[in-house]
1. Remind me, relative contact order of segment 133-289 in percent, using alpha carbon pairs under 8 angstrom and six or more residues apart?
2. How about LYS50: which lysines have a C-alpha closer than 21 Å to its C-alpha, ignoring those fewer than 8 places off in the same chain?
3. When the chain is treated as a GNM, springs tying every alpha-carbon pair under 10 Å, which of ILE177, ILE102, ILE92 comes out with the largest mean-square fluctuation?
4. In the neighborhood of LEU110, defined by Cβ-to-Cβ distances under 12 Å, what is the net charge if each Lys or Arg adds +1 and each Asp or Glu adds -1?
5. Starting from the amide H of LEU6, placed 1.01 Å from N in the peptide plane, find each other amide H under 5 Å away whose residue is 5 or more places distant or on another chain.
6. May I ask you to list the trypsin sites (Lys or Arg not before Pro) in segment 21-124 that are in a DSSP loop and have at most 14 other Cβ atoms within 10 Å of their Cβ?
7. Which sequence of LYS37, LYS193 reflects their accessible areas, 1.4 Å probe, from the largest down?
8. Under 5 Å between amide hydrogens, which residues at least 5 positions from THR70 or on another chain qualify, with H placed 1.01 Å from N in the peptide plane?
Amino acid sequence: MIYHYLSPTDFDALKTLKTVDLGINIKEKIKKKQEYKPFRDYILAMIFEKSSTRTRVSFEAGFKRLGGQTIVLSSKDIQLGRGETIQDTAKIISSYCDIVMIRTFEHQRLIDFSSNSSIPVINGLSDLLHPCQTLADMFTIKEHFGSFDNLKLAYVGDGNNMANSLLLHCALLGIDISVACPKDYSPSGLVVKEAIEISKLTQANIVITDDPTEAVSGANIVYTDVWASMGQEDQKEKKYSILKKYQANKELCSFADSNFIFMHCLPAHRNEEVTSDIIDGKNSVVFVQAENRLYAQMAIIFNLLNKE
Ligand code: CP
Ligand code: NVA
């Protein structure tokens, strides 16, 4: 059986918790520069149909630090960019490598790739979901607060791939989540439905609202993301005028818990979705959050390659 990681729900709650703890363990080993090469003799291929700094470098550095080798491809480098099908590309790449990560547009491309792949496939971001980012975010939350108990996360802004993935990960781990978005930019209806189903088991309180103040009230974590995601550059002007009142600024954050942390998956646009005083201020954990991508992703690969 080949396992893929295309959605946060591809790991159940227990596996997600174990993966977070394994990531913490890997972080300790890497920080101590211990000799630790579990991925020796393994090759990771990465296909990027969109730009990336963190995902690209953290996967490559992490896999190499743990003994593996990587092949990084933009769609322009390979025949995929000249119209070869995603299905044929999957069959070919999976016959050469051990594991593959893809960053793409429509989520269906990932599903089509994985159903034709003989090796595990990881979602490095699609228009729908960004599970590697939010698993690393769960890691950062555990590291900061010590547990997932009695926490409320407020997401404000565009109901995009980050909002969707946070809904699923918070539902899985029993973190209360309030998402505040304008009605026209709400999270995916199917994802909200799935998160509500999961929350029946974990007791996470899920709220979708268009009122940012209501969402942020009493929150332990305030989270935002860009207003125009990759591929939406032509909608920038329209989206910015509608999303203005969802900016994470001092006034909005004053409704959060006094010890709140500010999170953002980055890249950020200062003084657009977040003001500089918040993202560069004392409550911000964005750079630890970015660093933790490396360790959390290595833990995901451990699970997919059955190395535990
Ligand atoms: N957060 C994130 O995925 O960053 P990149 O787009 O730089 O990979
Ligand atoms: N929502 C953003 C996340 C970038 C990491 C995008 O898809 O562009």
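1. Once divided by the residue count of segment 133-289, the mean separation gives 24 percent.
2. LYS76, LYS236, LYS239
3. Top of the fluctuation ranking is ILE92.
4. Result for the local shell: -3.
5. The answer is ASN123.
6. For trypsin sites (Lys or Arg not before Pro) across segment 21-124 that sit outside H, G, I, E and B with at most 14 neighbouring Cβ atoms in 10 Å, the list reads LYS32, LYS33, ARG40, LYS76.
7. LYS193, LYS37
8. Amide H neighbours of THR70: LEU44.
The values are calculated or read from the model by the stated rules, or taken from the named source; none is laboratory data. Predicted model, so just to flag it, every value in this text is computed and none were measured. Cβ atoms come from the backbone with ideal geometry, glycine included; neighbour counts cover every protein chain shown. Accessible surface areas use protein heavy atoms only, side chains included; no ligands, DNA or RNA. Shrake-Rupley method; radii C 1.70, N 1.55, O 1.52, S 1.80 Å.
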